[in-house]
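Structure first, commentary second.
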Ligand code: PMP
């Protein structure tokens, strides 16, 4: 069978050259006579792969020396709790900007561990826009300001970095990291589940400014504490070796493809092509305000929802898969991560036009 164009929101499409490399070295990795999955995380070979992955990620995102890069487990969801444990005491205040499902989840978890306040909430626009930062309620004594640069479900993306003054800015970048150039210096903590632009599920990347490491409150589980993890090179216990290795190959691929500048331009072009197809048709619609439409996750609806099933069925027959929208919003969603080629987007647009012509 041919490879499909996989529009899944995550776990998501990976670059074909990476998958082929994994296949080539699966049973005999680096001449070890075994796969990377069978190798000790303490072996010289694995340590060199792990270190190279960090070096390449630092190059890709131009991460300054004053930041630690951690390769953890537990997903972004574990970081919803790890952030308050590392950055604040139980009675401290932190501010959360709520722009959709994932920021709501981060807020709810934050509330369990500190005084989490809503700095702004996009409920009035039904989470289709970003509240104007001039109206955000920010505490000058807040331990951090948390936001979600890209809402994977709602398709709302910040095309700017909010100003947080001296308050550390914390970002859940799960579905936007590596999609474009990023000024890491603006952030206190960046975290991301790997299963979109980084690699396989099971790995979580945390980029944390030095001064925020070593401040965890008493009672923080050591696996969640950034300091012992940083000191142990993210090997306090057995790390997700296979996912880490694949992530390293993805970083090499991204560098070979031209790095973040090239990736950003490509992603902008892909997103523009799909939004243009949606906007020039009366049959498809995207509810998100134009200035905060996601480059990575594009939700859209059909004028007649009774055709949703046929759309998905016929798309799948054309090799266009995983277009079903999240169960909480319905409709469709096309995720256009780095490994989705322009050809995939062009094929989707052609299919949409043809479907509209026949059924619209
Ligand atoms: N935040 C965002 C923005 C996400 O898209 C997701 C997963 N889709 C999560 C958090 C949760 O990530 P994980 O499953 O790695 O815990």
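With springs only between Cα atoms under 10 Å, which of 242, 160, 80 fluctuates most in a Gaussian network model of the chain?
Result for the chain, Cα springs under 10 Å: 160 fluctuates most.
For the ranges 318-326, 145-153, 248-256, what's the packing order if you count other beta-carbon atoms within 10 Å of each residue, average per peptide, and put the highest first?
Going by the mean number of other Cβ atoms within 10 Å, highest first, we get 145-153, 248-256, 318-326.
Calculate for the chain the 222 nm mean residue ellipticity that helices alone would give, adding -39,500 (n - 2.57) per DSSP H run of length 4 or more and normalising by residue count, nearest 500 deg cm²/dmol.
-11000 deg cm²/dmol
When ranked by the protection proxy of mean other Cβ atoms within 10 Å per residue, highest first, what sequence do the peptides 37-48, 3-14 form?
3-14, 37-48
Would you work out the relative contact order for the chain, in percent, from Cα pairs under 8 angstrom that are 6 or more residues apart?
23
Where a ≥ b ≥ c are the square roots of the eigenvalues of the C-alpha gyration tensor, would you call the chain rounded, which needs a/c under 1.5, or, failing that, prolate if a/b is larger than b/c, or oblate?
Verdict is oblate for the chain.
Could you tell me how far the Cα centroid of the stretch 240-286 sits from the Cα centroid of the stretch 38-74, in Å?
23
Using a Gaussian network model on the chain with a 10 Å cutoff between Cα atoms, which of 75, 199, 139 fluctuates the most?
Maximum among the listed residues: 139.
Does the stretch 122-193 come out rounded, prolate or oblate by the C-alpha gyration tensor, with a ≥ b ≥ c the root eigenvalues, rounded set by a/c under 1.5 and, if not, prolate when a/b is larger than b/c and oblate if not?
oblate
Rounded, prolate or oblate: which fits the stretch 104-157, taking a ≥ b ≥ c as square roots of the Cα gyration tensor eigenvalues, rounded meaning a/c under 1.5, else prolate when a/b beats b/c?
oblate
Report for the chain the percent antiparallel among DSSP-assigned beta bridges with both residues inside it, nearest 5.
55
Can you give me the relative contact order of the stretch 1-153 as a percent, contacts being Cα pairs under 8 Å and 6 or more apart?
19
If packing is taken as the average number of other Cβ atoms within 10 Å across a peptide's residues, how do 96-105, 27-36 rank, most packed first?
96-105, 27-36
Computed from the coordinates by the stated procedures, all read-outs in this text should not be read as laboratory data. This structure is a prediction, so every number in the text was calculated from the model and none was measured. No Cβ is skipped: glycine too gets one built from the backbone with ideal geometry, and neighbour counts run over all protein chains shown.
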